[in-house]
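Here the structure comes first, spelled out in structure tokens, and everything after it is commentary.
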Amino acid sequence: MKVLIVFAHPEPRSLNGALLDVAVRELERLGHDVQVSDLYGQGWKSEVGRGDFPSLGQGERLKPAAASKQAFEAGSLTSDVKAEIEKLLWADVLILQFPLWWFSMPAILKGWVDRVFAYGFAYGVGEHSDKRWGDRYGDGTLKGKRAMLVVTAGGWEEHYSDRGVNGPIDDLLFPINHGILYYPGYEVLPPFVVYRVDRLDDAGFAPIAEELRERMRALATTAPIPYRRQNGGDYLIPSMQLRAGLEAPGTSGFALHLDREGHGRQESRPHASSALSGRGSLASDELAS
């Protein structure tokens, strides 16, 4: 397989840097081709601006979506964006690796998505009719490929549980897994999440590294998160609301968009378990290594 890892941490000697090394070495040991986009190392420009669209006329109002579409169709996107799009087309698997900062991805990674997921490439594709509302959420340019997150968090696993004060980790990651990765067609694998990371010692790191190796070995066989396909008949068009009666009684929120009946509920998702979490961490939940 061909694997692209987009890495978003400013310190190569961090826990994230060590996890990146583990993943790359295991993938290469298995014979896979690996590319890494180290966003901080590349000096990635995270903000969208007029400079992203060289053909935009002087004094012309910038409409980001329209400008993105025009630049993509004309082949005039900037060279750094074109290079990342080529990597996405090359890769069978995309891994986004980042620390959970203020309950989301670092700004540099969000900026990578904003600039690289161009109109006409990652969104704005496919026909709109009374039976289909574009190619998205299970369809799209990247359909047939797989994606997953590797995430570190400063808080305890319990803090990110169903009753935890931070909210369930799957809900926090839903906008990324469903809204960014599933949207253009990726099959999205359950995330690999490491908790209580800032005081993790060598003894605690070893089992986490082995669990990550196992996730790399299982990239092709791990069952994806069973999101509902937008154009699979579960949603009314054009309102894009889930048809009544498809959900289990009492289901609400993000869980509505999981097709548990069709794919089977995954009660035990392969996050890093509490036994593999960092020990004795006093780190805040908002910033992690």
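The values are calculated or read from the model by the stated rules, or taken from the named source; none is laboratory data. All figures in this text were calculated on a predicted structure; none of them were measured in a lab. Note that each Cβ is placed from the backbone with ideal geometry, even for glycine, and that neighbours are counted across all protein chains shown.
Out of the range 159-182, which residues are buried (at least 23 other Cβ atoms within 10 Å of the Cβ) and of a type in the set (F, W, Y)? Write out each step before concluding.
Initial filter on the range 159-182 (buried (at least 23 other Cβ atoms within 10 Å of the Cβ)): 160, 169, 173, 177, 181-182.
Answer for the range 159-182, where residues must be buried (at least 23 other Cβ atoms within 10 Å of the Cβ) and of a type in the set (F, W, Y): Y160, Y182.
Within the range 198-218, residues that are without any contact (Cβ under 8 Å) to a residue 60 or more places away in the chain reach partners that are among the β-branched types (V, I, T) and assigned to a helix (DSSP H, G or I) with beta carbons closer than 9 Å, at six or more positions or on different chains, in the pairs E210/V22.
Quick one: would you say R13 is on the phi < 0 side of the Ramachandran plot and at pLDDT 95 or above? Break it down stepwise before answering.
On the way: on the phi < 0 side of the Ramachandran plot: yes; at pLDDT 95 or above: no.
Spelling it out, it is not the case that R13 is on the phi < 0 side of the Ramachandran plot and at pLDDT 95 or above.
Considering only residues in the range 127-149 that are in a strand (DSSP E or B) and modelled with pLDDT under 95, the one that is surrounded by the fewest Cβ atoms within 10 Å (Cβ to Cβ) turns out to be H128.
Taking the conditions exactly as written (in contact (Cβ under 8 Å) with a residue 24 or more places away in the chain and within 13 Å of P226 (Cα to Cα)), does V151 satisfy them or not? Answer is no for this residue. The residue pairs whose first member lies in the range 44-62 and is of a type in the set (D, E), whose second member is part of a loop (DSSP other than H, G, I, E, B), and whose beta carbons are closer than 6 Å, counting only pairs six or more residues apart or on different chains, are D52/T78. Listed by first and then second residue, the pairs with beta-carbon distance under 8 Å, at least 6 apart or on different chains, first residue in the range 173-190 and farther than 13 Å from Q230 by Cα and touching a residue at least 40 places away in the same chain (Cβ under 8 Å), second buried (at least 20 other Cβ atoms within 10 Å of the Cβ) and among the β-branched types (V, I, T), are N177/V188; N177/I225; L181/V188; V188/I225; L189/I225; P190/I225.
A quick yes/no check of all residues on (1) surrounded by 14 or more Cβ atoms within 10 Å (Cβ to Cβ); (2) part of a helix (DSSP H, G or I); (3) more than 23 Å from the chain's Cα centre (by Cα); (4) of a type in the set (A, V, I, L, M):
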residue: L4; (1), (2), (3), (4): yes, no, no, yes
residue: N16; (1), (2), (3), (4): yes, yes, no, no
residue: V22; (1), (2), (3), (4): yes, yes, no, yes
residue: K45; (1), (2), (3), (4): yes, no, no, no
residue: E60; (1), (2), (3), (4): no, no, yes, no
residue: A67; (1), (2), (3), (4): yes, yes, yes, yes
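Taking the criterion of being of a type outside the set (F, W, Y), out of contact with any strand residue (DSSP E or B) (no Cβ under 6 Å at 6 or more places or on another chain) and not in a loop (DSSP other than H, G, I, E, B), the residues of the range 215-241 that qualify are M216, R217, Q230, N231, G232.
Within the range 89-119, being aromatic (F, W, Y) and outside any helix (DSSP H, G or I) holds for F98, W101, W102, F103, F117, Y119. Looking across the range 69-88, the residues that are outside any loop (DSSP other than H, G, I, E, B) and within 21 Å of Y40 (Cα to Cα) come down to S79, D80, V81, K82, A83, E84, I85, E86, K87, L88. Against the test of being out of contact with any helix residue (DSSP H, G or I) (no Cβ under 7 Å at 6 or more places or on another chain) and more than 23 Å from G185 (Cβ to Cβ), the options E86, E73, E11, E28 yield a single qualifying residue, E28. A search for C-beta distances below 6 Å between a residue of the range 117-132 that is among the small types (G, A, S) and any residue that is surrounded by 15 or more Cβ atoms within 10 Å (Cβ to Cβ) and not in a loop (DSSP other than H, G, I, E, B), counting only pairs 6+ apart in sequence or on different chains, returns A118/S68; A118/F72; G120/K69; G120/F72.
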